[in-house]
Amino acid sequence: MTDATNASRTALFNIHTQEWDEELLTLFNIPANLLPEVKDSSDDFGTTEAHWLGAALPIAGVAGDQQAALVGQACFQPGMGKSTYGTGCFMIVNTGETPSLSRNRLLTTIGYRLNGKPTYAMEGSIFVAGATVQWLRDGLNLFADASETEALAQETRSGHSVYLVPAFTGLGAPHWDPKARGAIFGLTRDTGIAEIVAAGLQAVCYQTRDLQHCMNDDMEAPPGNLRVDGGMVKNSWLMQFLADMLGVQVDRPTILETTALGAAYLAGLRLGWYQTLEEIEQLWRCEKSFIPAMEEATREQLYQGWLDAVSRVRSQP
């Protein structure tokens, strides 16, 4: 057994009919009887064996990583979105009952399915986010612990011109350029560790802006406030720059492990602990909101510098 969100990522599942796609199965020569039954995200998936956890516990909530986080962030209305910042970055926005097809090479997927009714989402994937911090720490030895990056970034002089494009494994959405390679631009004699670290953090925000631009173009109801989670969002300097670059309020919840929380919510719905999504929505709590404080002219100047840097590492226009 699997659920609709995981099935939707196999390239074999028709997200419109909610069935395994016969045409695709024929194309890939895959017998339908080899594939699992597709269930709701909140459903009966059996029980664990008692010897593992001390009791036979019901498995009642199943969803893909980012879809579970969407539920954990209580993004139940069209236009509500969240962005997870871990090794990579994944921005996903609820698009409602109708799938929204992207003109900008983003992914159309199932956000969750309840009572046989799918709620769709649009997602953009960034290959490298926290992995940039890991590289700065382990590859360049610029600091000993990731927690030091916030203080280092705060030391940067205003208007530094350093851009770090972390295309270590190519570029993800919306470029999908596996042959792109990383680079650092704008180095001067005044450039120090702080500027390079800040540029690495800012690259995460610039890439999120890339996704935001695409989603605003694709969706009739562009995303509003952005809810964030993942290890990187503990960095308040990063979150403030993210709000400044996006020009929208960024909300950091009290619980950052929203993927696990979303899976728990889905299980709770099945087991009767929660009756409705509205009940779950009332449980969401914001620990801190970051309000845009950057002037529009400055925001656009910085972002244009990023676009220029990205254009220089692309393997193709």
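The values are calculated or read from the model by the stated rules, or taken from the named source; none is laboratory data. Remember, predicted model here, so these are calculated numbers, not experimental data. Positions of Cβ are backbone-derived with ideal geometry, glycine not excepted, and every protein chain shown enters the neighbour counts.
For the reader, a short list of remarks on this structure follows.
- Restricting attention to the range 164-219 and to residues that are in contact (Cβ under 8 Å) with a residue 12 or more places away in the chain and basic (Lys, Arg), the residue that is surrounded by the fewest Cβ atoms within 10 Å (Cβ to Cβ) turns out to be Lys179.
This table checks each residue for (1) in contact (Cβ under 8 Å) with a residue 12 or more places away in the chain; (2) surrounded by 13 or more Cβ atoms within 10 Å (Cβ to Cβ); (3) over 15 Å from Tyr112 (Cα atoms); (4) touching a Lys or Arg at 6+ places or on another chain (Cβ under 6 Å).
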| position | (1), (2), (3), (4) |
| --- | --- |
| Leu34 | no, no, yes, no |
| Lys39 | yes, yes, no, no |
| Leu57 | no, yes, yes, no |
| Thr84 | yes, yes, yes, no |
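- Qualifying position, being touching a residue at least 40 places away in the same chain (Cβ under 8 Å) and under 30 Å from Asn94 (Cα atoms), among Thr132, Thr156: Thr132
- Hits in the range 308-317 (condition: modelled with pLDDT of 95 or more and loosely packed, with under 13 Cβ neighbours inside 10 Å): Asp308, Ser311, Arg312
- Search result, residues across the range 96-136 that are assigned to a loop (DSSP other than H, G, I, E, B) and of a type in the set (Lys, Arg): Arg103, Arg105
- Of all residues in the range 267-317 being in contact (Cβ under 8 Å) with a residue 12 or more places away in the chain, charged (D, E, K, R) and not in a helix (DSSP H, G or I), the one that is farthest from Gln73 (Cα to Cα): Arg314
- If you filter the range 123-149 down to residues that are of a type in the set (Ser, Thr, Tyr) and over 17 Å from Ala183 (Cα atoms), you find that the one that is surrounded by the fewest Cβ atoms within 10 Å (Cβ to Cβ) is Ser147.
- Residues that are β-branched (Val, Ile, Thr) and within 17 Å of Ala11 (Cα to Cα) within the range 93-135 comprise Thr108, Thr109, Ile110, listed in sequence order.
- Single residue of the range 9-68 satisfying the filter (under 25 Å from the mean Cα position of the chain (by Cα), part of a strand (DSSP E or B) and not small (Gly, Ala, Ser)) that is nearest to Glu257 (Cα to Cα): Lys39
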